[in-house]
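Below is one structure; the comments refer to it alone.
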Amino acid sequence: MNDIRILFTKLHTDAQIPEYATRGSAGADLHAIEDYVLKPGSVYLIRTGLAIAIPPEVEGQIRPRSGLAIKYGITLINSPATIDSDYRGELKVPLINFSRNNFVIKTGDRIGQIIFSSFFKGHFIETSKLDETSRGTGGLGSTGI
C-alpha cells in the first residue's frame, strides 16, 4: 500500500483536517464550517475552510456520504467532484437536497468525504479508423443487465 502526503491549510478557525472514520475507510470525512439551511431542490457550496495541495498525478474526489443520501436525500450535485493537483482554493462541497424537507447543516457536521486516486494522462492521437471489438458500437446496457 502506498501512502501519499496530502498537505492541508486551515483557512478558518473552525476547519477540521479530514479524518478516516475507521481503519478500513476509503474516504476521509469533510466538515462544514458554516451553518446553513438547504431547502428542498436547492444546491449550495458548503465551505470546509480548508485548502489542499495534492501531489501531481493524484486527484482528490469529493464524494457524498451514504448516510446523508439514504436518511435525508442529501447528496452531491456532481459526484465525484474532482479536485485537481494544481488547485489551491478552498474545498467546498456541492450539496443538493432531493428531499421535500429543509436540511439543517451546522458547523462541524460531516458533509462529504474525500478520497485520492492516482491517474495517468493519455496522449490524444487522431486516426481515421478504430480497431474492431466484439461490443462494437453497442452503448449503455448493450452487454446485458
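What follows is calculated from the coordinates using simple rules that are stated; it is not laboratory data. In this text, all values refer to a predicted model and were calculated from it rather than measured experimentally. So basically every Cβ, Gly included, is an ideal-geometry build from the backbone, and we count neighbours across all protein chains shown.
Taking every alpha-carbon pair under 8 Å whose residues sit at least 6 apart, the range 7-118 reaches a relative contact order of 38 percent. Other residues within the sphere of radius under 9 Å centred on the Cβ of G27, judged by their own Cβ, net out at +1 (K and R +1, D and E -1). The lysine pair tally for the chain, using Cα distances under 25 Å and a gap of 8 or more places or different chains, is 9.
Compactness of the range 7-118 was expressed as the Cα radius of gyration divided by 2.2 N^0.38 Å, which yields 1.02.
In this simple spin-label approximation, A26 and D14 carry label points 7 Å from Cα along the Cα→Cβ vector, and these lie 3.1 nm apart. For the chain, modelled as a GNM with alpha-carbon contacts under 10 angstrom, which of I70, I52, I125 fluctuates the most? Between I70, I52, I125, it is I125 that shows the largest mean-square fluctuation. Sites listed here are trypsin sites (Lys or Arg not before Pro) in the range 1-68 whose DSSP assignment is loop and whose Cβ has at most 14 other Cβ atoms within 10 Å: R5, R23.
Seen through its C-alpha gyration tensor, with square-root eigenvalues sorted a ≥ b ≥ c, the range 63-145 comes out oblate because a/c lies at 1.5 or above while a/b is not bigger than b/c. Hey, got a sec? Which GluC sites (Glu not before Pro) in the range 55-145 land in a DSSP loop and have at most 12 other Cβ atoms within 10 Å? Here the sparse-neighbourhood loop sites are E57, E126, E132.
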